[in-house]
């Protein structure tokens, strides 16, 4: 059982929403087909807090020029974003199960022209922050106040372009850009530390001119607290380093690179679904006790 | 307008003029703004000229972000770095999503001269031409550059504009007709067709005079747009001439010569196809030297083109015997 924080009802609701998103995610994936399980499951609380707490965004605001933007630089985790967009009503109910089928709007990686709610073409790693800077520069030219949130993986930080972009945001004082690093410590072929270490993460971002906060990436109260700091506008853009667990919520996937991109057997699928259902039920139960 | 003009110079002035008329126009550069001439825009509005430092990949993705908010973005660097170093960013974030970004590759080809092989783009057209959704334009002189820049600005999608620092006299009229995807007929003949792109089109025209003096009736066609390619003009050339020469300051692999070969091969008519010979950089890298020396060495000046044409015609005679 994860550590339970004493929080307000709002945090409890967000936490429950995150677990419901995990259930949708596992059901969308189902069994027999390869999917990016690990990195999708690790960023669920981050996406939940962004879309249901922080961002000025909804199905109605989808094309509003002043909406907040979310850019998924680690594009392979787009299944998690599809689930959130579905919960928001941006994607119709029932479309999730078409993921990656021929003709589906839900492509294997984000496609701005096919999928409503997708803001940036990503998938080739390392390109999301530069794109976000471009959006921020446009906002500045047009005197718009919206914010741009960018989610990067920790393995993705091995891409040199990320650091080119980090310099750009800091140099141009793009304080409406906020980076979140989903630090689940694993990449496709193994642990980040073993393949090519990226630590010290906080020190690197700070050295590049960013304000850095470190949070538990599954603790919604901590995440929301950090996200609120984006509006302080200290003159430096904000990077939130979120410690997460790859494959979070499914015991046999947690802290392993083996489920980065693979198919589940039916038995594995049933177990994953059951574990998540138990998390949801214990939270609902907890609420009833108050 | 001055008589002698590099296409990059007219580009900068036209960009600045467009920026003065339309607030959506933004230029990005990678520490080469005074060379690519994108810096001209800063005189209109310094906020809309943004130097991203020596970081081409970052520049391309940043441009995609700006374009997603309705900006018309002109990105600038030497052609070699723009298309080579940032190819994946161009593929993923410009051409695939059809971003409204104009890729302006400056100092292209061997006429960059002194900087040598590392800086001389010889395969930029190849790289851009193979990308779906991309329009590829290579202006021949200052007057055509102005038309091309305006056309790129008006085109809602990605465009690659190949620009040059070859010091040449404008040879096309100030009011030259320009339509994206439609080749310009500069001179008509009936025996040899010279199909040229970019500033070396001037040398093709000079060569046509020399060939005419040798009794070879020569037509000259300017393919300023390499994609979409003008199939109708290719068909017209095929029906009219026995021998066609492509002329480009670019590798003969993947540029105008290839586009013409691909097109001619697939024509149903005429049944008897003309022979195509490609004049250009023969799958080699450049080197340091003056533009004139290099153009001469690669037989892209009037003398070289004329010589190649006469040699080929002589060979054809031998094969026919």
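Got a sec? Which of A:83, A:78, A:90 is modelled with pLDDT of 95 or more and surrounded by fewer than 24 Cβ atoms within 10 Å (Cβ to Cβ)? Spell out how you get there, then give the answer.
Values: A:83 fails: surrounded by fewer than 24 Cβ atoms within 10 Å (Cβ to Cβ); A:78 fails: surrounded by fewer than 24 Cβ atoms within 10 Å (Cβ to Cβ).
None of the other options fit; the residue is A:90.
How many residues are surrounded by 24 or more Cβ atoms within 10 Å (Cβ to Cβ) and either at the interface with chain A (Cβ under 9 Å from one of its Cβ atoms) or in contact with a helix residue (DSSP H, G or I) (Cβ under 7 Å, 6 or more places away or on another chain) (or both) when one looks only at segment B:100-121?
Qualifying residue count for the region: 12.
Scanning segment B:64-92 for residues that are closer than 14 Å to residue B:23 by Cα and part of a helix (DSSP H, G or I), which turns out nearest to the other protein chains (Cβ to nearest Cβ)?
Ranking the candidates gives B:66 first.
Yes or no: residue A:221 in contact with a strand residue (DSSP E or B) (Cβ under 9 Å, 6 or more places away or on another chain) and either crowded, with 24+ Cβ neighbours inside 10 Å or more than 14 Å from chain B (Cβ to nearest Cβ) (or both)?
no
Out of segment B:37-58, which residues are surrounded by fewer than 24 Cβ atoms within 10 Å (Cβ to Cβ) and either in contact (Cβ under 8 Å) with a residue 40 or more places away in the chain or away from chain A (no Cβ under 11 Å) (or both)?
Across segment B:37-58, the qualifying residues are B:39, B:40, B:42, B:43, B:44, B:46, B:49.
Looking at residue A:227, is it touching a helix residue (DSSP H, G or I) at 6+ places or on another chain (Cβ under 8 Å), surrounded by 14 or more Cβ atoms within 10 Å (Cβ to Cβ), closer than 25 Å to residue A:10 by Cβ and modelled with pLDDT of 95 or more?
In short, yes.
For the list (1) outside any loop (DSSP other than H, G, I, E, B); (2) under 27 Å from residue B:288 (Cα atoms); (3) facing chain A (nearest Cβ under 9 Å), I need the number of the one condition that residue B:61 fails.
The number of the failed condition is (2).
Filter segment A:97-109 for residues that are free of Cβ contacts under 8 Å to residues at least 40 places away in the same chain and more than 10 Å from chain B (Cβ to nearest Cβ) and give the result.
A:98, A:101, A:102, A:103, A:104, A:105, A:106, A:107, A:108 - these are the residues of segment A:97-109 that are free of Cβ contacts under 8 Å to residues at least 40 places away in the same chain and more than 10 Å from chain B (Cβ to nearest Cβ).
Would you call residue A:153 more than 14 Å from chain B (Cβ to nearest Cβ) and surrounded by fewer than 18 Cβ atoms within 10 Å (Cβ to Cβ)?
For residue A:153, the condition - more than 14 Å from chain B (Cβ to nearest Cβ) and surrounded by fewer than 18 Cβ atoms within 10 Å (Cβ to Cβ) - is not met.
Restricting attention to segment A:127-145, and to residues there that are out of contact with any helix residue (DSSP H, G or I) (no Cβ under 6 Å at 6 or more places or on another chain) and outside any helix (DSSP H, G or I), which single residue is farthest from the other protein chains (Cβ to nearest Cβ)?
A:145
If you take the residues of segment A:163-197 that are buried (at least 24 other Cβ atoms within 10 Å of the Cβ) and not in a strand (DSSP E or B), which of them is farthest from the other protein chains (Cβ to nearest Cβ)?
Only one residue tops the list, namely A:184.
Out of B:130, B:233, report the one residue that is under 27 Å from residue B:91 (Cα atoms) and surrounded by fewer than 24 Cβ atoms within 10 Å (Cβ to Cβ).
Exactly one of B:130, B:233 is under 27 Å from residue B:91 (Cα atoms) and surrounded by fewer than 24 Cβ atoms within 10 Å (Cβ to Cβ), namely B:130.
Let me confirm something: among A:284, A:246, which residue is in contact (Cβ under 8 Å) with a residue 12 or more places away in the chain and farther than 28 Å from residue A:149 by Cβ?
Numbers: A:246 fails: farther than 28 Å from residue A:149 by Cβ.
Step by step, each of A:284, A:246 is checked, and only A:284 is in contact (Cβ under 8 Å) with a residue 12 or more places away in the chain and farther than 28 Å from residue A:149 by Cβ.
Taking segment B:18-29 as the search range and keeping residues that are farther than 17 Å from residue A:169 by Cβ and under 22 Å from the mean Cα position of the chain (by Cα), which one is farthest from the other protein chains (Cβ to nearest Cβ)?
Among residues in segment B:18-29 that are farther than 17 Å from residue A:169 by Cβ and under 22 Å from the mean Cα position of the chain (by Cα), the one farthest from the other protein chains (Cβ to nearest Cβ) is B:18.
The values are calculated or read from the model by the stated rules, or taken from the named source; none is laboratory data. Here the structure is a predicted model, which means the values were calculated and not measured. Note that we place each Cβ from the backbone using ideal geometry, even for glycine, and neighbour counts take in every protein chain shown.
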